[in-house]
Amino acid sequence: MLTGNKIKLFLTDVDGVLTDGGMYYSENGDELKKFNTRDVMAIELLRNAGIKTGIITSENSKIVERRASKLKVDFCTRQKEKAVNLLLQMKYAQKKTSLRKRCLHWL
């Protein structure tokens with residue numbers, strides 16, 4: 001259970017974390033991703049425990065935006081640059097939520 005937890009913010013990437021890591025393409029060339037429905041419950045449990053949630057990814061796609069909306073995360077940051085430094089991402093999250101570094105966790 002999450003009672004008494006010091007975690008204040010949960011951040012996650014998408015590919016390989018919220019998906020099975022595969023890339024799927026339709027005959028028309030549309031990119032598809034397979035998400036697990038259990039992620040909705042996990043994010044909801046975090047939210048019910050008072051933990052802010054967010055997606056930070058280097059992928060700039062509508063699929064990520066739609067999934068973030070479905071999960072009802074507190075914020076979603078999509079960067080085009082592949083070489084986004086994790087430290088800069090954490091600093092962004094810290095600034096966005098006014099949290100101390102030791103309260104931030106990245107998955």
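For this structure, a couple of remarks:
- Nonlocal amide H pairs with residue 59, under 5 Å, H built at 1.01 Å: 79
- Loop GluC sites (Glu not before Pro), the range 5-77, which have at most 11 other Cβ atoms in a 10 Å radius of their Cβ (DSSP): 27
- Remark: the range 54-70, residue by residue, has Karplus-estimated 3J(HN,Hα) of x, 10, 10, 9, 8, 8, 10, 9, 5, 4, 5, 4, 5, 5, 4, 5, 4 Hz, where x stands for each Gly or Pro and the curve is 6.51 cos²θ - 1.76 cosθ + 1.60 at θ = phi - 60°.
Every number here is computed from the coordinates shown, using simple stated rules; none is lab data. Small disclaimer: the values here were computed from a predicted structure and weren't measured. Glycine gets a Cβ as well: all are built from the backbone with ideal geometry, and neighbour counts include every protein chain shown.
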